[in-house]
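Okay, handing you the structure first.
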Amino acid sequence: MTKYSFADLDKWARKMERRQDAILRQSTNDLLKGIDIRAGLTRGGTFKRGVIPRHLGALAGSLQSTLMGSTAISGTGENSYVMVIGELKGGDRVRFVWGGANAPYAPAIHYGFDSYPGTFWRDDAAAKWQGYVRAATARAKVQIP
């Protein structure tokens with residue numbers, strides 16, 4: 001274990017800040033990248049919880065990613081989160097939303113409607129958050145010793 005003295009406090013704080021930012025970026029990236037996107041029922045797929053189905057519309061591509069904090073960035077598209085995560089720092093606020101004008105049916109697909117039970121991809125991704133953070137923490141401790 002590394003020992004620090006009071007004189008090293010600034011050095012230690014900078015290191016912890018770099019680690020925190022790395023953990024935040026990696027775990028957020030892993031969570032969003034880990035959301036499964038598959039053919040929906042109308043394209044020959046099957047219903048599966050935790051999956052963004054590709055039916056006839058543009059649900060996966062309707063992701064709106066916004067960074068509100070040290071830098072203001074926003075984008076729309078299936079991979080729009082990559083640019084936001086690249087600038088993400090501890091203390092920033094981010095928002096990732098599916099739907100909007102491109103896919104107004106997103107809540108119905110997520111939560112279900114009529115006889116369609118819903119896929120709950122956001123809920124399932126959020127339930128895995130602690131695992132993503134644990135893995136990112138282990139990586140950051142190796143990469144930023």
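Which ones in segment 73-104 are among the β-branched types (Val, Ile, Thr) and either part of a strand (DSSP E or B) or more than 13 Å from the chain's Cα centre (by Cα) (or both)? So that I can check it myself, show each step before the final result.
Kept after step one, since they are among the β-branched types (Val, Ile, Thr), are these residues of segment 73-104: 73, 76, 82, 84-85, 94, 97.
Once the filter is applied, which keeps residues that are among the β-branched types (Val, Ile, Thr) and either part of a strand (DSSP E or B) or more than 13 Å from the chain's Cα centre (by Cα) (or both), segment 73-104 yields ILE73, THR76, VAL94, VAL97.
For segment 108-137, give me the residue count where each residue is under 11 Å from LYS48 (Cα atoms) and among the β-branched types (Val, Ile, Thr).
1
Would you call GLY118 in contact with a strand residue (DSSP E or B) (Cβ under 8 Å, 6 or more places away or on another chain), over 16 Å from SER27 (Cβ atoms) and outside any helix (DSSP H, G or I)? Walk me through how you get there before you give the answer.
Numbers: in contact with a strand residue (DSSP E or B) (Cβ under 8 Å, 6 or more places away or on another chain): no; over 16 Å from SER27 (Cβ atoms): yes; outside any helix (DSSP H, G or I): yes.
The answer is no for GLY118.
Scanning segment 64-89 for residues that are of a type outside the set (A, V, I, L, M, F, W, C) and closer than 15 Å to ILE23 by Cα, which turns out surrounded by the fewest Cβ atoms within 10 Å (Cβ to Cβ)? Walk me through it before giving the result.
We begin by selecting, within segment 64-89, every residue of a type outside the set (A, V, I, L, M, F, W, C); these are 64-66, 69-71, 74-81, 86-87, 89.
Within this subset, residues satisfying the condition of being closer than 15 Å to ILE23 by Cα are 86-87, 89.
Values: GLY86: 12, GLU87: 15, LYS89: 14.
It comes out as GLY86.
Which condition number does PRO107 fail, the rest of (1) of a type outside the set (Lys, Arg); (2) outside any helix (DSSP H, G or I); (3) over 21 Å from VAL82 (Cα atoms) being met?
Going through the list (1) of a type outside the set (Lys, Arg); (2) outside any helix (DSSP H, G or I); (3) over 21 Å from VAL82 (Cα atoms), PRO107 breaks only (2).
Still on this model: Tell me yes or no: at least one residue of segment 21-30 is farther than 30 Å from VAL142 by Cβ, of a type outside the set (Phe, Trp, Tyr) and either part of a strand (DSSP E or B) or at pLDDT 90 or above (or both). Talk me through it step by step, then tell me what you get.
Of the residues in segment 21-30, the ones farther than 30 Å from VAL142 by Cβ are none.
No, that holds for no residue.
Out of everything in segment 90-126 that is among the small types (Gly, Ala, Ser) and surrounded by 13 or more Cβ atoms within 10 Å (Cβ to Cβ), what residue ends up being nearest to LEU67 (Cα to Cα)? Give the derivation first.
First pass over segment 90-126, keeping only residues among the small types (Gly, Ala, Ser): 90-91, 99-101, 103, 106, 108, 112, 115, 118, 125-126.
Of the ones still in play, those that are also surrounded by 13 or more Cβ atoms within 10 Å (Cβ to Cβ) are 90, 99, 103, 106, 108, 112, 118, 125.
Working: GLY90: 12, GLY99: 17, ALA103: 21, ALA106: 21, ALA108: 26, GLY112: 29, GLY118: 28, ALA125: 19 Å.
Among those that are among the small types (Gly, Ala, Ser) and surrounded by 13 or more Cβ atoms within 10 Å (Cβ to Cβ), it is GLY90.
Can you tell me which residues in segment 31-69 are under 20 Å from GLY86 (Cβ atoms), part of a loop (DSSP other than H, G, I, E, B) and at pLDDT 80 or above? Walk me through how you get there before you give the answer.
Step one: of segment 31-69, the residues under 20 Å from GLY86 (Cβ atoms) are 31-35, 61, 63-69.
Narrowing further to those that are part of a loop (DSSP other than H, G, I, E, B): 34-35, 63, 69.
Within segment 31-69, GLY34, ILE35, LEU63 qualify.
The values are calculated or read from the model by the stated rules, or taken from the named source; none is laboratory data. Just so you know, these numbers come straight off a predicted model, no measurement behind them. Glycine also receives a Cβ, built like all others from the backbone with ideal geometry; neighbour counts cover every protein chain displayed.
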